[in-house]
Amino acid sequence: MIEENIFIKIIQGEIPAEIVYKDKLVTAFRDILPKAPIHILIVPNIFIPTVNDVKQYHEKALGRMFIAAAKIAFDEGINQTGYRLIVNCNRHAGQEIYHVHMHLVGGKQLGPMLLS
């Protein structure tokens, strides 16, 4: 099932985005409302609404998200100073787009992990 959402449209090139990484499994692009100097979204090219919907056959794409994150952090020059990877699941966690995605944030001291 292919669900239409903004991430699918970015992956398919229907909506412009600043793509920083793309392969057959994942696409990564800069967040349009960054929360840090570096804020990149990494998404699987297949539609998975939430972490609750992950199946074993998604393993390769989800693993590739981490490989892409490490490469992007290196390319952005934050692999040594540090960065944070965030995946939200459902409304209470702050998930706004229902397509699994990982936020890669860095470029400054990020402070506490959880905000009140």
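The values are calculated or read from the model by the stated rules, or taken from the named source; none is laboratory data. The structure displayed is predicted, hence computed values, not measured ones. Every residue, glycine as well, gets a Cβ built from its backbone with ideal geometry; the counts of neighbours run over all protein chains shown. Just the protein is used for accessible areas: all its heavy atoms, side chains included, with ligands, DNA and RNA removed. Shrake-Rupley method; radii C 1.70, N 1.55, O 1.52, S 1.80 Å.
A few notes on this one:
- Summed over the range 97-116, the residues that are assigned to a loop (DSSP other than H, G, I, E, B) and surrounded by 13 or more Cβ atoms within 10 Å (Cβ to Cβ) give a count of 7.
- Residue within the range 37-45 that is open to solvent by 20 Å² or more (accessible area, probe 1.4 Å), modelled with pLDDT under 95 and out of contact with any Asp or Glu (no Cβ under 6 Å at 6 or more places or on another chain) present: no
- Within the range 23-35, no residue satisfies the criterion of being open to solvent by 80 Å² or more (accessible area, probe 1.4 Å) and in contact with a helix residue (DSSP H, G or I) (Cβ under 8 Å, 6 or more places away or on another chain).
- Top-ranked residue of the range 51-96 - restricted to ones that are of a type in the set (D, E, K, R) and outside any helix (DSSP H, G or I), ranked as modelled with the lowest pLDDT: 96
- Only one entry in 61, 36, 70 is over 23 Å from residue 4 (Cα atoms) and touching a residue at least 24 places away in the same chain (Cβ under 8 Å), namely 36.
- Only one of the numbered conditions (1) under 27 Å from residue 113 (Cα atoms); (2) hydrophobic (A, V, I, L, M, F, W, C); (3) assigned to a helix (DSSP H, G or I); (4) touching a Phe, Trp or Tyr at 6+ places or on another chain (Cβ under 7 Å) is violated by residue 10, and that is (1).
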